[in-house]
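Trainee: Before anything else, here's the structure in question.
A short reminder: the numbers here are calculations on the coordinates, not readings from a lab. Here the structure is a predicted model, which is why all the values come from computation and not from measurement. With ideal geometry, Cβ positions are generated from the backbone for all residues, glycine too; neighbour counts draw on all protein chains shown.
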Amino acid sequence: MKKNLKYYLNKALNQHFALGAFNICNLENFQAVLEASIIANSPVIVAISESSMQYMGEDFIKSIIQVAKKKNPALFFNLDHGKSFEICKKAIDLGFDSVMIDGSLLSLKDNIALTKKVVKYAHKRKVLVEGEIGQIKGTEDKICAKDQLYTRAIDASIFVKQTEVDLLAVSIGTAHGANKYTKKAQLRFDILSEIEKELPNTPLVLHGASTVDKSYINLMKKYGGKINGKGLDKQLIVKAVKNHNIVKVNTDTDIRLVSTASLRKILSEKPDIFDPRIIFGYYKKNLIKYLTNKIQNVLFSDNKI
Ligand SMILES: [Zn+2]
């Protein structure tokens, strides 16, 4: 069997590990994700949102897809939170392996209609599609949902059967952004189990799965950053991966946090340095460390190529 994204999602479903979907918006982030995937010998998904697509430019993205395929054929590209058919089509035409169509703010009926249209275009080109049902709280780029709306198993079942999506993003208590929770975060494993009963073979996706480590929040604050954050307990992600059908875990906030905290530190501690390669090289090094650790100790996708 061809070792494409579908192959690794099925392998993850059978062996209970998850592929990290790590958001990138520049060269250093991309290099860090690539490097971590090689160090850990892991299949990994590079996630690019609509606004990051605009920021980096289509030609740049096209060229890094080529680089990725040469260096690690198990590095895949996913459009994160595509809001329209047009943006999904653009990503598919650029060579992405999968697209997420996020119609979660629409009615179930309209979400199904939009998702179906994307699936039709994508599947013809052997590209996978991720849909979302329920609403994940918080803000990520321009995606914003004020309240948590948990995924209903019955809706998930109707949605997957009618649209034939390859992956389903579920809302079970995670949130987007740095300040995820006022209280201790809980994931609704009961809802996850209900969804799995309806859809035992559907690969599920956990969004908003940054842990927002205290050490990086403290580093930000120490060097003048203004941030308050609370993330998801690492053990909850481990449980979702080990005991359930979560095979794709999205991480954006942590990547921003590690990058910015590291930049603040080096710029403050070494005011005489003005070589960007040293400054960005330092944050890249920290990011590689963070990502490799997440792959090995939270997602368990190391040595799965
Ligand atoms: Zn998300």
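Trainee: For Val99, what residues show an amide H to amide H distance below 5 Å, using hydrogens built from the backbone and excluding near sequence neighbours?
Mentor: Leu79, Leu128, Val129, Glu130
Trainee: If I model a spin label as a point 7 Å beyond the Cα along the Cα-Cβ vector, how far apart are those points for Ser215 and Lys124 in nm?
Mentor: The two pseudo-label positions are separated by 5.0 nm.
Trainee: D for region 240-305, whole µm²/s, Stokes-Einstein with Kirkwood Rh over alpha-carbon pairs at 4 °C and 1.567 mPa s: what number?
Mentor: Roughly 95 µm²/s, to the nearest whole number.
Trainee: Once you sort the root eigenvalues of the Cα gyration tensor of the chain as a ≥ b ≥ c, which label holds: rounded (a/c under 1.5), prolate (a/b larger than b/c) or oblate (the other case)?
Mentor: Because a/c hits 1.5 or more and a/b exceeds b/c, the chain counts as prolate.
Trainee: Out of Ser51, Ser104, Ser210, any idea which swings most in a Gaussian network model of the chain, alpha carbons joined below 10 Å?
Mentor: Among Ser51, Ser104, Ser210, the largest mean-square fluctuation in the Gaussian network model of the chain belongs to Ser51.
Trainee: Using only Cα atoms, tell me the angle between helix 253-269 and the longest principal axis of the chain; keep it within 0 to 90° and round to the nearest 10.
Mentor: Once rounded, one gets 10 degrees.
Trainee: Could you tell me the relative contact order of the chain? Use alpha-carbon pairs under 8 Å, at least six residues apart, and round to a whole percent.
Mentor: 21
Trainee: Does region 1-124 come out rounded, prolate or oblate, given a ≥ b ≥ c as the square roots of the eigenvalues of its C-alpha gyration tensor, rounded meaning a/c under 1.5 and, failing that, prolate meaning a/b above b/c? Can you show the working numbers first?
Mentor: Numbers: a/c = 1.91, a/b = 1.31, b/c = 1.46.
Cα axes put region 1-124 in the oblate bin.
Trainee: Please report the net charge: other residues with Cβ closer than 11 Å to the Cβ of Ile255, K and R +1, D and E -1.
Mentor: So the surrounding residues net to -1.
Trainee: Quick one: net charge of Phe76's neighbours, Cβ under 11 Å, K/R +1, D/E -1?
Mentor: Details: positive: Lys3, Lys6, Lys69, Lys248; negative: Asp97.
Residues near Phe76 contribute +3 overall.
Trainee: Same structure again: Quickly work out the Phe60-to-Asn201 label distance, labels modelled 7 Å from Cα along the C-beta direction, and quote it in nm with one decimal.
Mentor: About 4.1 nm, to one decimal.
Trainee: Sticking with this structure for a sec: Where does helix 108-124 land angle-wise versus the long Cα axis of the chain, in degrees 0 to 90, nearest 10?
Mentor: Computed tilt is about 80 degrees.
Trainee: Taking θ = phi - 60°, what integer Hz values does the Karplus form 6.51 cos²θ - 1.76 cosθ + 1.60 yield along region 198-212, in sequence order, with x for Gly and Pro?
Mentor: My calculation for region 198-212 gives 6, 10, x, 10, 8, x, 10, 10, 9, 8, x, 9, 7, 8, 6 Hz in order.
Trainee: Let me ask something else. For region 189-305, just say rounded, prolate or oblate: build the C-alpha gyration tensor, square-root its eigenvalues into a ≥ b ≥ c, call rounded for a/c under 1.5, and beyond that prolate if a/b exceeds b/c, oblate if not.
Mentor: prolate
Trainee: Could you tell me which residue out of Asn14, Ile61, Ile45 lies farthest along the dipole of region 1-69 toward its positive end? Charges go on the beta carbon: Lys and Arg +1, Asp and Glu -1, centred on the Cα centre.
Mentor: Of Asn14, Ile61, Ile45, it is Asn14.
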